[in-house]
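See below for the structure under consideration.
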């Protein structure tokens, strides 16, 4: 398994190189340049999801306590939250760039999962769960996976057979089935393993940031797994990120590298 310090370094170098190559572009904010760079905040946010840390404040405190030598100029919690919300589009650019490195797969499937934001009994009228221009707003819906009603959004995910999750199509014969547990549905992955149903966001922009950050982290794992599989005949000299891929690890089992979209 890749040590945590090496994981921070790996993700930061990856994000920094993509920003230098203009594959990930962050719009400038007014005011002086912050001491902690956008690449550092992106790396911390992505690594938080790779390690399965649910709390943003707890994760930032852990980084300051245990990995302060890697990030010596961390912002306070409120500033980190504001700046991370500003970077929500960078997470999607990161996911798209990483997904482009994966081999194409002709067998794909689109599925949706519930993203509840509030218990239905607590809805009393219009609230803050509304996107820009009121075009995207939380609504009531039926969660068939858990046989219950919810108030929130639906997350649309395109999955690929390469992730071992989609059902084979007529032109896509099933590969040999390994002696392992049956594949999980995308709803199980999103709600249970990725924990997006328990996202903990308190606003629309918080949800819009945590969702692409979590899926970008899973796409990064899938990319590293594909690269490790391609070079399996030539083992790398240094630890590889797919060492984190374990059935019991919070990051195990990820959807494919396709698009993600939140719908009302």
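Remarks
- Reduced Cα scattering model of segment 25-162, Debye log10 I(q)/I(0), q = 0.09, 0.12, 0.21 Å⁻¹: -0.41, -0.73, -1.27
- Here residue 6 and residue 128 are evaluated by their C-beta separation; at R0 = 45 Å the FRET efficiency comes out at 0.70.
- A viscosity of 1.306 mPa s and a temperature of 10 °C, combined with the Kirkwood radius over C-alpha pairs in the Stokes-Einstein formula, give segment 4-99 a diffusion coefficient of 116 µm²/s.
- Which of 203, 59, 121 has the fewest Cβ neighbours within 10 Å, and the rest in rising order: 121, 203, 59
- Projected label points at residue 66 and residue 82, each 7 Å from Cα along the beta carbon direction, are separated by 2.9 nanometres.
- Two-site label geometry, residue 229 and residue 156: point separation in nm, points 7 Å out along Cα→Cβ: 2.7
- Cα→Cβ-extended label distance, 7 Å offset, between residue 28 and residue 142, nm: 5.3
- Least to most buried among 98, 225 (fewest other Cβ within 10 Å first): 225, 98
Computed from the coordinates by the stated procedures, all read-outs in this text should not be read as laboratory data. On a predicted model such as this, the values are computed, not experimentally measured, just so you know. Every residue, glycine among them, receives a Cβ derived from its backbone with ideal geometry; neighbour counts consider all protein chains shown.
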